[in-house]
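First up is the structure itself, then whatever we jot down about it.
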Amino acid sequence: MNNAVNLTLGDDGILVALMDLPGRPMNVVNDALMEGVAAAVAKLADPAVKGLILSSAKADFCAGGDLDRMSKWTMPEEPFEASMAMKRVLRQMEQQGKPVVAAVNGHALGGGLELALACHARFAIDDTRLKLGQPEVKLGLLPGGGGTVRLSRLVGIQAALQICGEGADMNPAKAHTLGLLAGLAKDRDELMAQARAWIVANPKAKQPWDLPKFKFPGGDSKSPAMAQLWAIAPSIASVKSQGNYPAVQHIMSSIFEGGLLDFDAASMVESRYFAACVMSQASKNIIHTLWYQLNAIKKGASRPAGPGPSKVKKLGILGAGMMGAGIAYVSAKAGIDVVLLDTTQEAADRGKAYSQGLLDKAVKRGRSTADKRDALLAKITPTTDYALLAGCDLLIEAVFEDRATKADVTRRAEAVLGVDAVFASNTSTLPISGLAQASQRPAQFIGLHFFSPVDKMPLVEIIVGDRTDETTLARGFDYVLQIGKTPIVVNDSRGFYTSRVFGTYVMEGITMLKEGVHPRSIEAAGLQAGMPMPPLALQDEVSLSLGLHVADQTKKDLATEGKAYTEHPGMAVVRQLCEIGRVGKKVGKGFYDWGDDGKVLWPELTRHFPVAPTQPPQQELIDRLMFAQANEAARCYEEKVLRSVADANVGSIFGWGFAPFHGGALQFVNAMGAAAFVKRSRELAAKFGPRFEPAAVVVQLAASGGHFAD
């Protein structure tokens, strides 16, 4: 008996198979589930059974493949055989001669959607929150249960490429329009009624691809109609992935080759590409960090265990600029009452208007309603009156990066805050322990470093000062989860973790410019390395003047502390451009000229920084950009700025976009191996300076044969 799938035969002769994998909150495709599906299919041989409805006893249909199982595979034969075993069950299900219908009651993703695709028809509850899709590419994988084969035959090659290659979810209405679903139901009862009616109406159902005169919708891979698609699709994919994500190429190959072959041969080809993806280092890196480590963080791995759960009901924000306005929006969206304070009512109103703009767009695009917009806006109170901060559970200071300004607003706000309130600074560089000196309650003072634009960036870096207590940390952590962001926790330090390591990326690119490397080569290296933006363009985005201000503030602070300040060689370039007014995108000119129609590298850049007659190999530029970041992250770990490897990896990807296929800054070292990292770092140090000398912790790992692990 298999208890992963519960079978019930109705008086109408229709067998209902409800997937309910024991010990799991969601159904996942593994041996137990597939044995249950196989047992249900075997029951169709009984003459009394007229058809089968496949549905779920859980809130969702099926979440996809079992990553715990996949992570144990070490040889390509294992994923290949597992993929083919699933396909044998699904092929038997669609060819046994009786109708099988999927009643999709919740999310059907990855292998879950593939189960549904092998049914002769699919119905789903018409709920905009219900998601269908093939998101495997986001984990460096491709659909291994027949997804590329069936989708290309059901909705056409172009749509299949889009669904599998982009990995985006779709709601039932869109899936119905595409032809993935036969119908939509308002609730569970109607869903089952539609499935039963379809079975009665189609007693000898067959899949379209099993009919004698089957043709691919829109043409197969060799048809003239597909010629243009195959001429340009690989180039588009290459521009997006820079060749760093094998899954993208393997998905295209699987769909192309599958479009030249019969169904069973195409299925075998897909399984081979699936095995190649599972074995790829990129997939191992992505799954390790963006599945296991990310889920551990979301479950509270970085949160103190002692303090009980908390929720913010009323939030105060000091400073209604870009950051303060963004924090107000995401907090109000989470149902929190927000007091948004600035020096003038006009500035405070402007901060609230930022939320109005985002919400108006959502209403216009049909993603929200006027009533929902107005209800959210009613939660934000713009003001200049500190007295309105009374009763706030949490206050976030988001004023200019100036120590004196921050100290002044801290004192004024604390005068009206309750004794239990937590005070947080959104500083990106200034040490929290120093800012806390202006506070009457340093134990309740913490850093909450948001990233711009706040409504889109998923990370918040929580900074623990030298006197911050565990209850304050727990409350900060809970708030970050409450607003739907991912928290990482770091100890106090100049630049903390994200700003400090991010700076090495942009400054290394700027240093290359000073050395005579062509700016186009620098920018290309950033993209080829897998970063979301090239270094010079990124420095323009964050502004050269801000970088200069932070450097000068750091120099001043270190002088006060009696410490030496070593300026990065690239800072001379920043100073030079700032002196001639080229301070970045905000004024339309920096390394680039910025206009309404985009950006172009400043034509005079190579006159100010002449291009050397001999240019370095592109791989050397890529290595410099990546090793600068990974080595600085390792130093942060060594200095105990970082509290965990998971925080380091997730923070690097979500915070500044460290190439996701590497799995994060410390996983970059792990995947390469500490010994190889040390060797290459020393080569770069000999050529470009001591900043590339490998961190002592990596040298120790190289000697012991170890790796970064929590």
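Quick look at the values:
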| read-out | value |
| --- | --- |
| Odd one out for residue 545 among (1) surrounded by 19 or more Cβ atoms within 10 Å (Cβ to Cβ); (2) touching a strand residue (DSSP E or B) at 6+ places or on another chain (Cβ under 7 Å); (3) in a helix (DSSP H, G or I) | (1) |
| Residue check, residue 669 outside any helix (DSSP H, G or I), in contact (Cβ under 8 Å) with a residue 12 or more places away in the chain and touching a His at 6+ places or on another chain (Cβ under 8 Å) | no |
| Residues of the range 188-221 classified as in a loop (DSSP other than H, G, I, E, B) and surrounded by 12 or more Cβ atoms within 10 Å (Cβ to Cβ), total | 12 |
| Options 379, 333, 406: the member that is of a type in the set (Lys, Arg), touching a helix residue (DSSP H, G or I) at 6+ places or on another chain (Cβ under 7 Å) and under 27 Å from residue 557 (Cα atoms) | 406 |
| Count - residues of the range 308-346 that are within 18 Å of residue 451 (Cα to Cα) and polar (S, T, N, Q) | 1 |
| The one condition in (1) without any contact (Cβ under 8 Å) to a residue 24 or more places away in the chain; (2) within 24 Å of residue 139 (Cβ to Cβ); (3) not in a helix (DSSP H, G or I) that residue 244 fails to fulfil | (1) |
| Some residue of the range 305-320 being in contact (Cβ under 8 Å) with a residue 12 or more places away in the chain, assigned to a loop (DSSP other than H, G, I, E, B), in contact with a strand residue (DSSP E or B) (Cβ under 6 Å, 6 or more places away or on another chain) and small (Gly, Ala, Ser) | yes |
| One residue from 96, 162 being touching a Leu at 6+ places or on another chain (Cβ under 6 Å) and either at negative phi or modelled with pLDDT of 95 or more (or both) | 96 |
| Residue satisfying condition, being in a helix (DSSP H, G or I) and loosely packed, with under 14 Cβ neighbours inside 10 Å, within set 233, 237, 227 | 227 |
| Counted residues, the range 343-375 - those being more than 12 Å from residue 322 (Cα to Cα), surrounded by 14 or more Cβ atoms within 10 Å (Cβ to Cβ) and touching a strand residue (DSSP E or B) at 6+ places or on another chain (Cβ under 8 Å) | 1 |
| Check on residue 635, over 24 Å from residue 568 (Cβ atoms) and touching a residue at least 24 places away in the same chain (Cβ under 8 Å) | no |
| Test: residue in the range 301-311 that is farther than 26 Å from residue 218 by Cβ and among the basic types (Lys, Arg) | yes |
| All positions within the range 114-130 that are part of a helix (DSSP H, G or I) and either of a type in the set (Gly, Ala, Ser) or in contact with a Lys or Arg (Cβ under 9 Å, 6 or more places away or on another chain) (or both) | 114, 116, 117 |
| Unmet criterion (only one of (1) more than 17 Å from residue 514 (Cα to Cα); (2) at pLDDT 85 or above) for residue 576 | (1) |
| Meets criteria (of a type in the set (A, V, I, L, M, F, W, C), in a loop (DSSP other than H, G, I, E, B), touching a Lys or Arg at 6+ places or on another chain (Cβ under 8 Å) and crowded, with 20+ Cβ neighbours inside 10 Å) for residue 430 | yes |
| Residue count, the range 119-136 (criterion: in contact with a helix residue (DSSP H, G or I) (Cβ under 6 Å, 6 or more places away or on another chain) and surrounded by fewer than 23 Cβ atoms within 10 Å (Cβ to Cβ)) | 4 |
| Residue selected from the range 248-303 under the condition among the aliphatic types (A, V, I, L, M), in the same structural domain as residue 92 (by TED's automatic domain parsing) and not in a helix (DSSP H, G or I), by the criterion surrounded by the fewest Cβ atoms within 10 Å (Cβ to Cβ) | 260 |
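Results for (1) over 35 Å from the mean Cα position of the chain (by Cα); (2) closer than 14 Å to residue 439 by Cα, shown as yes or no for each residue.
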position: 362; (1), (2): no, no
position: 389; (1), (2): no, no
position: 404; (1), (2): yes, yes
position: 418; (1), (2): yes, yes
position: 422; (1), (2): no, yes
position: 427; (1), (2): no, no
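Okay, residues lined up against (1) within 17 Å of residue 145 (Cα to Cα); (2) surrounded by fewer than 18 Cβ atoms within 10 Å (Cβ to Cβ); (3) touching a Cys at 6+ places or on another chain (Cβ under 6 Å); (4) not polar (S, T, N, Q):
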site	(1), (2), (3), (4)
30	yes, no, no, no
40	no, no, no, yes
74	no, yes, no, no
86	yes, no, no, yes
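The values are calculated or read from the model by the stated rules, or taken from the named source; none is laboratory data. Only a predicted model underlies this, so the values are computations on that prediction, with no experimental measurement involved. Glycine gets a Cβ as well: all are built from the backbone with ideal geometry, and neighbour counts include every protein chain shown.
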